[in-house]
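The values are calculated or read from the model by the stated rules, or taken from the named source; none is laboratory data. Everything numeric in this text was worked out from a predicted model, so none of it was measured. Neighbour counts are summed over all protein chains in view; Cβ atoms, including those assigned to glycine, are modelled from backbone coordinates with ideal geometry. Ligands, DNA and RNA are stripped out before the accessible areas are found, and what is left, the full protein with its side chains, is counted by its heavy atoms. Shrake-Rupley method; radii C 1.70, N 1.55, O 1.52, S 1.80 Å.
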Amino acid sequence: MRIRLLGPIAVERDGVPVNVGGPQQRRLLALLVLQRGRAVSAERVVDALWPDGDAPEGAARSMRTYMSRLRTVLPGISITTQPSGYVLDVN
């Protein structure tokens, strides 16, 4: 699996483009890739998804939905939930 962050965020599996989803999911993926192997707190994820401080009511629930969708579209990537946050493991 190849993840590109320079320019448009893009993912390829065996040379085939993978639809990661909308802008929020792509932003979430970029954050996790940049911090791969380290826990990213839910608060930091929410701040990254809504950087202008305009997180909607239910932002935490939306963030968990984006995480779930990423796990679904990127089965070769492990995103684990730990007490300290979310950890991306790319092999």
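Only helices (runs of 4 or more DSSP H) wholly contained in the range 1-84 count here; list those with 3 or more residues that are of a type in the set (G, A, S) and in contact with a helix residue (DSSP H, G or I) (Cβ under 9 Å, 6 or more places away or on another chain). Of the helices (runs of 4 or more DSSP H) lying wholly inside the range 1-84, those with at least 3 residues that are of a type in the set (G, A, S) and in contact with a helix residue (DSSP H, G or I) (Cβ under 9 Å, 6 or more places away or on another chain) span 59-73.
Every test in (1) touching a residue at least 12 places away in the same chain (Cβ under 8 Å); (2) within 14 Å of I3 (Cβ to Cβ) is passed by V46 save one, and that test is (2). The set of residues in the range 10-31 being open to solvent by less than 50 Å² (accessible area, probe 1.4 Å) and touching a residue at least 12 places away in the same chain (Cβ under 8 Å) consists of V11, V18, V20, G21, Q24, Q25, L28, L29, A30, L31. Those residues that are open to solvent by less than 70 Å² (accessible area, probe 1.4 Å) and either in contact with a Gly (Cβ under 8 Å, 6 or more places away or on another chain) or among the hydroxyl-bearing types (S, T, Y) (or both), I need them from the range 32-79; list them, please. Those that are open to solvent by less than 70 Å² (accessible area, probe 1.4 Å) and either in contact with a Gly (Cβ under 8 Å, 6 or more places away or on another chain) or among the hydroxyl-bearing types (S, T, Y) (or both): A39, V40, S41, A42, V45, S62, T65, Y66, S68, L70, V73, S78.
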